[in-house]
Structure formats: C-alpha cells, structure tokens
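Report on the structure given below.
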Amino acid sequence: MAFLADALSRVKPSATIAVTQKARELKAKGRDVISLGAGEPDFDTPDNVKEAAIAAIRRGETKYPPVSGIAPLREAIAQKFKRENNLDYRPEQTIVGTGGKQILFNAFMATLNPGDEVVVPTPYWVSYPEMVALCGGTAVFAQTTIDNGFKLKADVLEKAITPRTKWLVMNSPSNPSGAAYTEAELKALADVLLRHPHVWVLTDDMYEHLTYGDFVFRTIAEVEPALYERTLTMNGVSKAYAMTGWRIGYAAGPIGLVKAMDMIQGQQTSGACTIAQWASVEALNGPQDFVRKNKAIFQARRDLVVSMLNQARGISCPSPEGAFYVYPSCAALIGKKTPAGKVIADDETFVSELLEAEGVAVVHGSAFGLGPNFRISYATSDTLLEDACTRIQRFTASLS
C-alpha cells in the first residue's frame, strides 16, 4: 500500500513558483539573472496599512479571529462590493481566507464530487486545474486564442458545458494574459449561463484595480443580476495594495455556500491572521491614492514591454487591458536553432534557452494551458524591464 495519497498523482507543482525558485538558485551561484516570473508588485505596502497593523498589535488584537473573518473586515468587504461593484452583500455573506488560493480551494472542496466538471478558459492561472483535481473534480478547458484577445467566447463556453458542469471559472483581468472582459463580453457569456441554471460562476477579480486606459472594470454578477444567487465573487488585497505577504483573500456569495466554506476552513486553518485582517480593513476603507498612483506606473511599464517585445524578431505581443502580465507568442521561432545548435521545439525550450543564454527568467505558456507563448510579469522597475527586453531581442536575433 502506497503511503502518499493518490490525489498527488493528479497535480503538478506550480510552474510560476518553480521558475522563481530556479532564478533564485542561479542568482545564488553568481549568475546575472533578471526574474520576470513572479506575480508580485515591487512596491511596498502603503504606510497607512502598516500603521493600522502596528496599532492592532498595540491594542492587543492578537487572539484567534472568527473563522470567516473579523466583523470590521467583513463589513468593509460588503461596503467595497457595494461601492465599487454595485453588489449588495450582507457581511454574513462574506468570508476571509489566507489568500485567494484558500478561498478558491474551499469553494471547490465544498462543492465538487468525483466526476463534477469545472470549465476553465485557457490560458489559465496554473492553480485552477490543480485545485479542481485535488478536490476530486475534472477541469474542462475552453480554448481562447491570441486573435480574440485570449477571451472566452459564448459559443466555446456553450460547447464546454455538460450535465456534469458545476462551475465556470472567470478571471478578469487575467493571469497570465492580462485580458479583461468588457461589459458586453460578460453579458454574452452570462446569456449562455442563463440557459444552464446548474452552472455556477467563480469569478476571480484579484486584478480588478489594475486596468488601463479607458477600460471600465465590471464583474459578472453586476452585469447580469440573475446570476447573483449562483456567483462567488472573489477578490483580495494582494495585488492592488502590494500586500502579497499579508495573505488575505476574500469573497462574497450565497449564504449556504459561504457557510459550507466556513465549515471547511474551521477544520483546516481557522481564521486568517488577525493582524493582517486589521491591516486589510484600512486598505479597503482608507485612502486609495496608492492604488491610482501605482496603476499609472504599471500602465507605463506595460507600454514599454509591449513596444520592446514587438521589436524582437519572431515575437508578437498583444497589449493587454489589465493586470501586470504580457503573454507574447513565440510561434514564429519554433524550429529555429540557437548558436549552439539547440532546436527551439516549443515554448518550454524557448524559455529554458533564454534563461541559459541571457539570464532572463520567464514562464512558458504551456504551463498555463496555451502555447507557444510565454508570460512576463512587468511588476518590476523600468531599468530591469528595459534590460530584460534588450536581452530577449538579442536572444531572438541569435536564432537561425
């Protein structure tokens, strides 16, 4: 009898974490490496949020919190959804977890039975299908293309739904592509879902505040109120407020689902860090100047990276609507050879050879379910981005 669980055979390690770790190891050996793999803002957490955490410590807010979150944070979450998304949730319809991952995992654990299906558009965040598999479900991949902006189309969604479908996972703006859905695009998908009342929507809005130009963010339950009773709307403080290490994600949805997630969390981790929750109250309720200022910085970085990558031989890079990623295609380079004679067989070979030759760490697109592409996180300085893109231009020019 095997000691380790069979479920482990159904999942793979996170490719994004693996790339980041490999870059760290090469740096430790003295290599000049620019890591563009991690989805983490390079800004520090705002001072007002830090001070709120320090004040909470001094007040003695150091005991176990309620499983679903402290009351002031659940109230702040409900107010945020009303203020920014026109969604009416009571505090008891909200739940706080240790990062967005726990929210997603608990939702799947609370609802999936063996054989249940979850529609996951490609390219997808690497953890979605692995969580589905760990919880006993089956991920059904709905393909997008670079030509349609990496956005799920209504006819593709329709074909992906079966009697076993339980969830559709939506991520807008997207990790890894940065694609974000307009109100009209969401309405077209909602019309499909209205014809299939057994399908719920798990919408991951973690990058909500990072959209650029004239783009207006909308979430699907806002666009189609008829989906309110079967939508779990997830968000968090990690990206917009540069609070990745504080590990706070949250969601709101139907009370029955929230109670089920609360029960699982109560036997799993209990409540998220009390100090981090008080910091998150300040993030949601306090001044939002930090978000607006850094959004402009991210937009400038996006424009820089898109411009430089499109000047690289054989690279085609769309300009995404949001998040802090680009998802360029290296299709024109498949079959080319490096100066050492190594054939670029696929996107995984491309990123491996790029790291070896130029010390630029990016993530291969096949890890996100759609290649031949690769993901770059531009959540780093202009200087490093210019250097990295120059190295990519030099590497692609060397291929023959």
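List, in order, the whole-Hz ³J(HN,Hα) value for each residue of segment 348-354 obtained from phi through the Karplus relation with A = 6.51, B = -1.76, C = 1.60 and θ = phi - 60°; use x for Gly and Pro.
5, 5, 4, 5, 5, 6, 4
What nm value, rounded to one decimal, do you get for the distance between N310 and A2 when each label is placed 7 Å out toward the C-beta?
4.8
Counting only residues 5 or more places away or on other chains, whose amide H sits under 5 Å from the amide H of V237 once H atoms are built in the peptide plane?
For V237, the qualifying residues are I248.
Using the charge dipole of segment 1-142 (Lys, Arg: +1 at Cβ; Asp, Glu: -1 at Cβ; taken about the Cα centre), state which of V67, V120, I34 has its Cα farthest towards the positive end.
Toward the positive end, the furthest listed residue is I34.
Karplus couplings for segment 365-373 from phi (6.51 cos²θ - 1.76 cosθ + 1.60, θ = phi - 60°), rounded to Hz, Gly and Pro as x?
Listing the rounded values in order: x, 5, 5, 9, x, 8, x, x, 9 Hz.
Considering the Cα positions of segment 1-69, please state its Rg to one decimal place and its Dmax as a whole number of Å.
Here Rg and the maximum Cα pair distance are 20.0, 54 Å.
Dividing the Cα radius of gyration by the Kirkwood radius, what Rg/Rh value follows for segment 133-246?
Working: Rg = 14.3 Å, Rh = 14.9 Å.
Rg/Rh for segment 133-246 comes to 0.96.
Which residues' amide hydrogens lie under 5 Å from the amide hydrogen of F324, considering only partners 5 or more residues apart or on another chain, with H built in the peptide plane?
none
V363's amide H: which non-local residues (gap 5+, or another chain) put their own amide H closer than 5 Å, with H modeled 1.01 Å from N in plane and none for Pro or chain starts?
Sorted by chain and number, the residues that satisfy this are R375.
If I take R0 = 22 Å and measure r between the Cβ atoms of D191 and R164 in this structure, what FRET efficiency does the formula 1/(1 + (r/R0)^6) give, to the nearest 0.05?
Numbers: r = 21 Å, r/R0 = 0.97.
For D191 and R164, the calculated efficiency is 0.55.
Quick one: angle between helix 15-28 and the longest Cα principal axis of the chain, in degrees between 0 and 90, rounded to 10, please.
Roughly 60 degrees between the two axes.
Any idea of the accessible area per residue across segment 230-282, 1.4 Å probe, to the nearest Å²?
On the way: 1560 Å² over 53 residues.
Dividing the accessible area of segment 230-282 by its residue count gives 30 Å².
Grab every C-alpha pair in segment 178-296, bin the distances at 5 angstrom width from 0 up to the longest one, and report whole percents.
Pair shares across the bins are 2, 9, 17, 19, 19, 16, 12, 6, 1.
Could you work out what % of the accessible surface of the chain is carbon and sulfur, using a 1.4 angstrom probe and leaving DNA, RNA and ligands out of the count? Don't jump to the answer; show the numbers that get you there.
Values: 9030 of 16510 Å².
Whole-percent figure for carbon plus sulfur exposure: 55.
Taking R0 as 56 Å, what FRET efficiency do you get between R31 and S270 from their Cβ-Cβ distance, rounded to the nearest 0.05? Don't jump to the answer; show the numbers that get you there.
Details: r = 42 Å, r/R0 = 0.75.
With R0 = 56 Å, the Cβ-Cβ based efficiency is 0.85.
Multiply the residue gap between A397 and E61 by 0.36 nm, knock off their C-alpha separation, and tell me the result in nm, one decimal place.
Values: separation 336, 0.36 × 336 = 120.96 nm, distance 5.72 nm.
Gain on extension, A397 to E61, equals 115.2 nm.
Within segment 124-230, report the trypsin sites (Lys or Arg not before Pro) that DSSP leaves as loop and that have at most 12 other Cβ atoms within 10 Å. Intermediate values should be presented prior to the final figure.
Details: sites: K151, K153, K159, R164, K166, K187, R195, R218, R230; in loops: K151, K153, R164, R195, R218.
Counting only loop positions with at most 12 other Cβ atoms within 10 Å, the trypsin sites (Lys or Arg not before Pro) in segment 124-230 are R195.
Take the alpha carbon atoms of the chain, find their radius of gyration, then divide it by 2.2 N^0.38 Å using N residues; give the quotient. It would help to have the intermediate numbers written out before the result.
Details: Rg = 21.2 Å, N = 400, 2.2 N^0.38 = 21.4 Å.
So the Cα radius of gyration is 0.99 times the expected 2.2 N^0.38 Å.
Under the 0.36 nm per residue contour assumption, what length would be gained going from the current alpha-carbon distance of N148 and E40 to full extension? List each step's numbers first, then the result.
Numbers: separation 108, 0.36 × 108 = 38.88 nm, distance 2.68 nm.
Separation in residues times 0.36 nm, less the Cα-Cα distance, equals 36.2 nm.
Relative to the first principal axis of the alpha-carbon coordinates of the chain, what is the inclination of helix 274-285, with its axis defined by its Cα atoms, in degrees from 0 to 90 and to the nearest 10?
80
Dividing the alpha-carbon radius of gyration of segment 225-285 by 2.2 N^0.38 Å (N being the number of residues), what value is obtained? Mind showing how you got there, number by number?
Details: Rg = 13.1 Å, N = 61, 2.2 N^0.38 = 10.5 Å.
The value comes to 1.25.
Would you calculate, for the chain, the mean residue ellipticity at 222 nm contributed by helices, counting each DSSP H stretch of 4 or more residues as -39,500 (n - 2.57) and dividing by all residues, to the nearest 500? Mind showing how you got there, number by number?
Values: 13 runs with 159 residues, N = 400.
Rounded to the nearest 500, the figure is -12500 deg cm²/dmol.
Work out the FRET efficiency for M263 and K293 from their Cβ-Cβ distance, taking R0 = 41 Å, and round it to the nearest 0.05. Kindly include the intermediate steps, with their values, before the conclusion.
On the way: r = 40 Å, r/R0 = 0.99.
Here the calculated transfer efficiency is 0.50.
Please compute the alpha carbon radius of gyration of segment 278-400, then divide it by the globular-protein estimate 2.2 N^0.38 Å. Two decimals is fine.
Numbers: Rg = 16.7 Å, N = 123, 2.2 N^0.38 = 13.7 Å.
Computed over Cα atoms of segment 278-400, the ratio equals 1.22.
Could you derive backbone 3J(HN,Hα) for segment 388-399 from the dihedral phi with the Karplus parameters 6.51, -1.76 and 1.60 (θ = phi - 60°), listing whole Hz in sequence and x where the residue is Gly or Pro?
Rounded to whole hertz, the list is 4, 5, 5, 5, 5, 4, 5, 5, 5, 5, 7, 7.
The values are calculated or read from the model by the stated rules, or taken from the named source; none is laboratory data. Predicted, not measured: the structure shown is a model, and the values here were computed from it. Counting neighbours? That spans all protein chains shown, and the Cβs are built from the backbone with ideal geometry, glycine included. The area values use the complete protein model at the heavy-atom level, side chains included, leaving out ligands, DNA and RNA. Shrake-Rupley method; radii C 1.70, N 1.55, O 1.52, S 1.80 Å.
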